[in-house]
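The values are calculated or read from the model by the stated rules, or taken from the named source; none is laboratory data. Remember, it's a predicted structure, so these values are computed and weren't measured experimentally. All Cβ positions, glycine included, derive from the backbone under ideal geometry; neighbour counts span all protein chains shown.
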Amino acid sequence: IMVFNNGGGRPGGSYSSVDVFTPPSDGAGNYVYNTDQAYGPDALTWTFFTDPPNDMFSNTISGAHRLPNGNTLICEGSSGHLREVTHEGELVWDYISPVSGIGPVDQGQNPFQNSMFRAYRYGEDYPAFEGRDMTPGPPIEGNPTNQDCVIYGNNPSALTDTARDTGIQLTGNPVEDMLVLQNPEHQTLYLQLCALSGQVLASRESRQATINWRLPELPTGLYLLSIRDKDGRVIGVEKVLKY
């Protein structure tokens, strides 16, 4: 059984978690309860919470469910924040709904009154899609940045197998003012450093084996590095922590 534990009023401070537990049962599938004891089990089968824990907290609504690829889709309802995480707790992607109480906000603005009760993710082979035109429409937010969005298959990762096989690797992260990317096969790479809102802050092209990229003056924080090959295909998206 999977539950979104809202987690309000925990002794160590409020934070939410997604918890999986397996109730004890007999051979016929009936739940087992021992008189004068608490209901089992004593421990969780699986749990997820953020680091720090209070980065994910919704005192109301929310939910989570297991996807066919083994990952878990989490809806942090009060803030309209969706996450997909692996079984090991690694973040695959996240998305904050831009739809407020009066409609979509513009790209880069902080959404408000954007709570979500529940969210689902359907695979490309979902039967209801058969025979229907599934061409994506325009972005939901107003005045969006011109960014492509790639839908990955059953095993999404920050770096594609192509990037890993050719040794592409971000080193020295967190960074101060220099971003270093290893590119041992001298591939032509198109790099974009973006804010979490999607705004492109800097870009460059290089095929050097070691790409040393001096970054513009930026506030301390988290950024995204988009890596594309010579054909413009996204082969990696890495988090960059600027200090």
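Below is a table of values for the structure above.
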item	result
Looking only at the range 3-35, and only at residues there that are in contact with an Asp or Glu (Cβ under 7 Å, 6 or more places away or on another chain) and not polar (S, T, N, Q), the one that is farthest from P53 (Cα to Cα)	V32
Residue check for D177: assigned by TED's automatic domain parsing to the domain that holds A209 and either of a type in the set (D, E) or modelled with pLDDT of 90 or more (or both)	yes
Test: G9 is free of Cβ contacts under 8 Å to residues at least 40 places away in the same chain, over 30 Å from I140 (Cβ atoms) and in contact with a Pro (Cβ under 6 Å, 6 or more places away or on another chain)	no
Residue within the range 209-227 that is basic (K, R) and either surrounded by 11 or more Cβ atoms within 10 Å (Cβ to Cβ) or not in a strand (DSSP E or B) (or both) present	no
Of residues in the range 100-131 being charged (D, E, K, R) and surrounded by 10 or more Cβ atoms within 10 Å (Cβ to Cβ), the one farthest from the chain's Cα centre (by Cα)	D106
Any chance N154 is under 30 Å from L44 (Cβ atoms), out of contact with any Phe, Trp or Tyr (no Cβ under 6 Å at 6 or more places or on another chain) and modelled with pLDDT under 85	yes
One residue from L44, L73 being over 20 Å from the mean Cα position of the chain (by Cα), assigned by TED's automatic domain parsing to the domain that holds S14 and within 19 Å of Y15 (Cα to Cα)	L44
Filter result (under 25 Å from A119 (Cβ atoms), in contact with a strand residue (DSSP E or B) (Cβ under 6 Å, 6 or more places away or on another chain) and outside any loop (DSSP other than H, G, I, E, B)) within the range 1-58	M2, V3, F4, N5, S17, V18, D19, V20, W46, T47, F48
Among residues of the range 186-208, those that are farther than 30 Å from P111 by Cβ, in contact (Cβ under 8 Å) with a residue 24 or more places away in the chain and surrounded by fewer than 15 Cβ atoms within 10 Å (Cβ to Cβ), counted	3
Any pair with Cβ under 7 angstrom, 6 or more apart, that starts in the range 80-97 at a residue that is outside the structural domain of T45 (by TED's automatic domain parsing) and ends at one that is buried (at least 18 other Cβ atoms within 10 Å of the Cβ) and not β-branched (V, I, T)	none
Of residues in the range 166-196 being hydroxyl-bearing (S, T, Y) and within 17 Å of E238 (Cβ to Cβ), the one farthest from the chain's Cα centre (by Cα)	T166
